[in-house]
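Novice: Encoded as structure tokens, here's the structure I'll be asking about.
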Amino acid sequence: MKLLYITNGISGSGGLERVLSVKASMLAEDLGYEVHMLSLNEIAKDPFFPFSKKIRFHSVEVGGNPVTYLLQYKNSLQKKIDQIQPGIISVCDDALKGFFLPGFISTKAKWIHESHASLLLADRGKGVSLFKKAQHRLKQVLGKRFTKIVLLTEGNKKEWHLKNLAVIPNPIPFESNQVSSLENKKVMAVGSYSYNKGYDLLLQIWSKAEKNFPAWELHIYGKGTHDHLHSTAKDLNLKNIHFHAPVLDIEKEYLNSSLLVLPSRSEGFGMVLIEAMGCGLPVVSFDCPSGPADIITDGEDGFLIENGNMEMFAKQVSVLMNDDQLRKGMGAKAKKNVQRFSAGKIVQQWDALFRSLG
């Protein structure tokens, strides 16, 4: 089966790129798919994450004012699709332009849209703008042209009013054969800086927790975290906090940590939760839309905290830092429970979907 992914880019270090590298590689290597990957303006760029050598990569150049951009986008994609002749096209682009493609492009291929974002991610602290809400309403109309729109969580369905919806979660991007000892006094958070990631809340939470646990450290990994958070950390007189750029081998950092925290106001899924749990870490997360509630079993493999409740978040982080037995028990359950997100099981769901489309 010939499968074409269309995405904005694969050279970045985000969750979308990591997931694509895992599932596209497995489809090509293990299930015999002829996989093509088409991105924008990446002719001279290498992927951040490793992809199978069996995958064929394509890039088209687009730019200029909005009208010129869209014309180049449409014409370049049409040319590539005519050359590739895929049976299925999967669009991994939550921007509005991706929703126009089934109407723009002439092809016999079946169209799938992979939605990796929640409407709530458009909230920058003042609510979702009328413009973004109007865009989403237009996506609801344009979305009818897709054979399937695949969401990451059951919670995401609340934002859509279409009949062509399916839910396939993200896979664990790596299968760790190891587990953390959970003895290092290290708490970690992972993700690029944004309002939705809630790092401003995390710094306030940590200010409540670290004074009672001076031997513990908080490590934050992600693009822009130092630039946006260092001065706030200094103002709060935080002693044991460290900021890091994105790292390719994040598994190593999980294995050297004892707890993952996710202070997000909203999420598309919560990829770092399943990554950490796969390494045997218990997790503490706000019960934000959407994802954490689909992943965490509260009180068993981690704690789900009422969204925005910093006092309770700090309390549960402190409980896990203080209680070695509880931390290790939850970590063991996390390792076991997260196996439902194994790459093999998730890619089987994608294979079944693709084959159902004929």
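Novice: How large is ³J(HN,Hα), in whole Hz, for each residue of region 30-43 in order, when computed from phi with the Karplus curve 6.51 cos²θ - 1.76 cosθ + 1.60 and θ = phi - 60°, using x for Gly and Pro?
Specialist: Running phi through 6.51 cos²θ - 1.76 cosθ + 1.60 with θ = phi - 60° gives 9, 10, x, 6, 8, 9, 10, 10, 10, 10, 10, 6, 10, 4 Hz.
Novice: Considering amide H positions built from the backbone, and no H for Pro or chain starts, which residues 5 or more places from residue 192, or on another chain, come under 5 Å of its amide H?
Specialist: Residues meeting the criterion, in which the H sits 1.01 Å from N, are 223.
Novice: Something else about it: Summing +1 for each Lys or Arg and -1 for each Asp or Glu, what net charge is found among the other residues whose Cβ lies under 10 Å from the Cβ of residue 187?
Specialist: Working: positive: 185, 186; negative: 210, 217.
Taking every Cβ under 10 Å from that of residue 187, the sum is 0.
Novice: On to the next question. Comparing 17, 114, 311, which has the greatest mean-square fluctuation in the GNM of the chain with Cα pairs linked when under 10 Å apart?
Specialist: 311
Novice: On to the next question. Holding the Cα-Cα limit at 26 Å, pick out from 132/335; 97/157; 53/139; 53/333; 139/335 the pairs that are longer than that.
Specialist: Values: 132/335 38 Å; 97/157 21 Å; 53/139 34 Å; 53/333 35 Å; 139/335 37 Å.
Flagged as over cut-off: 132/335; 53/139; 53/333; 139/335.
Novice: Could you list, in their original order, any pairs among 208/336; 185/252; 185/328; 208/239 whose Cα atoms are separated by more than 20 Å? Walk me through the numbers before you get to the answer.
Specialist: On the way: 208/336 31 Å; 185/252 15 Å; 185/328 13 Å; 208/239 12 Å.
Long pairs (Cα-Cα over 20 Å): 208/336.
Novice: Using alpha-carbon positions, what is the distance between the centroids of region 187-234 and region 55-124, in Å?
Specialist: Computed from Cα coordinates, the inter-centre distance equals 36 Å.
Novice: Still on this structure, please answer the following. Counting DSSP beta bridges with both partners in region 186-341, what percentage is antiparallel, nearest 5? Intermediate values should be presented prior to the final figure.
Specialist: Numbers: 0 of 19 bridges.
Here the share of antiparallel DSSP bridges comes out near 0 percent.
Novice: In terms of modelled amide H atoms, which long-range or inter-chain residues lie less than 5 Å from the amide H of residue 12?
Specialist: 48
Novice: To continue, here is another question. Give me a comma-separated list of calculated 3J(HN,Hα) values for region 301-317, in order, Karplus coefficients 6.51, -1.76, 1.60 applied at θ = phi - 60°, integers in Hz, x for any Gly or Pro.
Specialist: Karplus-based 3J(HN,Hα) across region 301-317 equals 10, x, 10, 9, 10, 3, 4, x, 7, 5, 4, 5, 4, 4, 5, 6, 4 Hz.
Novice: Now a separate question. Under 15 Å between alpha carbons, and skipping anything fewer than 8 positions from residue 79 in its own chain: which aspartates and glutamates qualify?
Specialist: 61
Novice: Can you give the net charge of the other residues whose Cβ lies under 15 Å from the Cβ of residue 47, counting K and R as +1 and D and E as -1?
Specialist: Working: positive: 18, 23, 45, 53, 54, 56; negative: 17, 42, 46.
After counting each charged neighbour, the total is +3.
Every number in this text was worked out from the coordinates using simple rules, so none of it is lab data. Worth saying up front: this structure is predicted, and the values here are computed from it rather than measured. No Cβ is skipped: glycine too gets one built from the backbone with ideal geometry, and neighbour counts run over all protein chains shown.
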